[in-house]
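**Q** One structure, as structure tokens, below. Some questions next.
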Amino acid sequence: MKKRIIACLTAVVLCLCLFAGCSQKTETESPVSEEDATEKNTAEQAEEPELTPVTLNEVAHSIFYAPMYVAIEEGYFEEEGIDLELVCGFGADKTMTAVISGEADIGFMGSEASIYTYAEGATDYVVNFAQLTQRAGNFLVAREEMPDFKWEDLKGHVVLGGRKGGMPEMVFEYILKENGIDPETDLKINQNIDFGSTAAAFAEGQGDFTVEFEPGATTLESEGEGYVVASLGEDSGYVPYTAFSAKKSYIDENPDIIQGFTNALQKGMDYVQVHTPDEIASIIEPQFPETDLETITTIVTRYYEQDTWKSNLIFEQSSFDLLQDILESAGELEGRVPYDDLVTTQFAAIAAQ
């Protein structure tokens, strides 16, 4: 019994000693000074890669450009060291002006704008380095359902069209001519309505048909004001509708930025190739807070099913030649411009590997 008591007393003494040791250690630990904390935070920040600011001016903010918004929402630009600022130019002419003036580093618009600028004699001209869409993104909307619609049904009618010299209007007229219809004599194309206002004008009773981008086409359908009867994207074939471009000097001086930017876009392109319209719509939903998810999904599905997006960003010469065919057909091009001057594929080819 005596031995057991001694053992218990010994254990208590040991515990007290350990407790005293722990207390002493805590008391002798000096608090982290403000200077040390600042140095620690600075060191941690230094370990984080510094992002390069890049301003991108887009011709319009549209679900048509879903792969780009996937790249933004999934953080692909940050992964490539880019702090992207997205600005809407509301028209290719305004986007081109922003790029030429240096207000934007990169422009996203129809490549016809780069051809016009080059033809006007610009020395530091704009070069296309990545193609995003390979189909036109607009649709023909009628006032009634026309399941057996043929393009010749437009003869004698009024169509709300697009700006003269812009891709939407030129592709529309190209389709008409391919179907034996004279845009000047066989129908009347109203080109006096601002871009983005044609759907409202149509709903108010103007025109018999209208050529609409999304969400205009889907909105007219959902409100019972019109019906999509044809896809200009399907009927015009594979057209290099939109591309990313920058001034030649910017590309020459910042090849790493252009490569990183293109890499991020390619990741977005890869995503839409292997995910469903529902998944794509969910990813880009934050980009369109004014549009409900169901509508976004409907529009993405429409573009998805017509093979709108390329699997890579390479702007091929055959596509560039077709673009110039369309410009010539519209009377907007006096002479051909060289592909090798206005297109570079080196960045897109590396990104696709």
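Each reported figure results from applying straightforward, stated rules to the coordinates on display, with no laboratory input. Just so it is clear, the model here is predicted, and its values are computed rather than measured. Note: ideal-geometry Cβ built from the backbone for every residue, glycine included; neighbour counts use all protein chains shown.
**Q** Can you give the relative contact order of the chain as a percent, counting alpha carbon pairs under 8 Å and 6+ residues apart? Intermediate values should be presented prior to the final figure.
**A** Values: 564 pairs, mean separation 86.0, N = 353.
Computed value for the chain: 24 percent relative contact order.
**Q** Add +1 for every Lys or Arg and -1 for every Asp or Glu among the other residues with Cβ under 10 Å from the Cβ of ALA142, and state the total. Write down the numbers at each step before the final one.
**A** Working: positive: ARG143; negative: GLU144, GLU145, ASP153, ASP208.
Every neighbour counted, the sum reads -3.
**Q** Using a Förster radius of 51 Å, what is the FRET efficiency between GLU73 and HIS157 based on their Cβ-Cβ separation? Nearest 0.05, please.
**A** Once rounded, the FRET efficiency stands at 0.80.
**Q** Continuing with this model, one more query. So how tilted is helix 255-274 from the main axis of the chain? Cα-based, degrees 0 to 90, rounded to 10.
**A** Value to nearest ten degrees: 80.
**Q** With only alpha-carbon atoms in the gyration tensor, what are the semi-axes of the equivalent ellipsoid for region 293-353, in Å, largest first?
**A** Value: 28, 20, 8 Å, ordered largest first.
**Q** Can you pick out the pairs among LYS150/LYS177; LYS94/LYS248; LYS177/LYS310; LYS164/LYS188 whose Cα atoms lie more than 22 Å from each other?
**A** LYS177/LYS310
**Q** Here is a further query. Each residue of region 217-225 in turn: what ³J(HN,Hα) in whole Hz from Karplus with 6.51, -1.76, 1.60 and θ = phi - 60°, glycine and Pro shown as x?
**A** 5, 5, 4, 4, 5, 5, 8, x, 9
**Q** Would you mind checking the radius of gyration and Dmax of region 53-159 based on alpha-carbon positions, in Å?
**A** Every Cα atom of region 53-159 included, Rg and Dmax give 17.9, 55 Å.
**Q** Suppose R0 equals 51 Å; then what is the FRET efficiency for ASP292 and GLU50 from their Cβ-Cβ distance, rounded to the nearest 0.05?
**A** 0.85
**Q** What list of ³J(HN,Hα) values in whole Hz, one per residue of region 294-305 in order, does the Karplus curve 6.51 cos²θ - 1.76 cosθ + 1.60 (θ = phi - 60°) give from phi, with Gly and Pro shown as x?
**A** The phi angles translate into 4, 5, 4, 5, 4, 5, 4, 4, 4, 6, 4, 6 Hz.
**Q** Still on this model: Quick one: Cα convex hull volume of region 55-109, Å³ per residue?
**A** About 67 Å³ per residue, rounded to a whole number.
**Q** With the convex hull built on the Cα atoms of region 240-280, state its orientation-averaged projected area in nm².
**A** Its Cα hull, projected and averaged over all orientations, spans 3.7 nm².
**Q** I would also like to ask the following. Which loop-located GluC sites (Glu not before Pro) does region 46-150 contain, where loop means any DSSP state but H, G, I, E or B and the Cβ has at most 15 other Cβ atoms within 10 Å?
**A** GLU50, GLU103, GLU120, GLU144, GLU145
**Q** Over all distinct Cα pairs, what is the inverse of the mean 1/r for the chain, reported as the Kirkwood hydrodynamic radius in Å?
**A** 23.2
**Q** How many nm separate the modelled label positions at GLU334 and ILE350, each set 7 Å beyond the Cα in the direction of the Cβ?
**A** About 3.8 nm separates the two model spin labels.
**Q** While we're looking at this one, here's another question. Can you list the residues, at least 5 places off or on another chain, whose amide H is less than 5 Å from the amide H of VAL343, using H built in the peptide plane?
**A** Close amide H contacts, sequence-distant or interchain: ASN128.
**Q** Counting only helical runs of four or more DSSP H residues, what would the 222 nm mean residue ellipticity of the chain come to if each run contributes -39,500 (n - 2.57) and the total is spread over all its residues?
**A** Calculated from helices alone, the mean residue ellipticity at 222 nm is -14000 deg cm²/dmol.
**Q** Could you tally the net charge around ASP93, taking each other residue with its Cβ under 12 Å from the Cβ of ASP93, Lys/Arg +1 and Asp/Glu -1?
**A** Charge balance in the 12 Å sphere: +2.
**Q** As an exercise, identify the trypsin sites (Lys or Arg not before Pro) in region 137-205 lying in DSSP coil whose Cβ has no more than 11 other Cβ atoms within 10 Å.
**A** Qualifying residues, ordered by number: LYS150.
**Q** To the nearest 10 degrees, how steeply does helix 34-47 sit against the main Cα axis of the chain, on a 0 to 90 scale?
**A** 40
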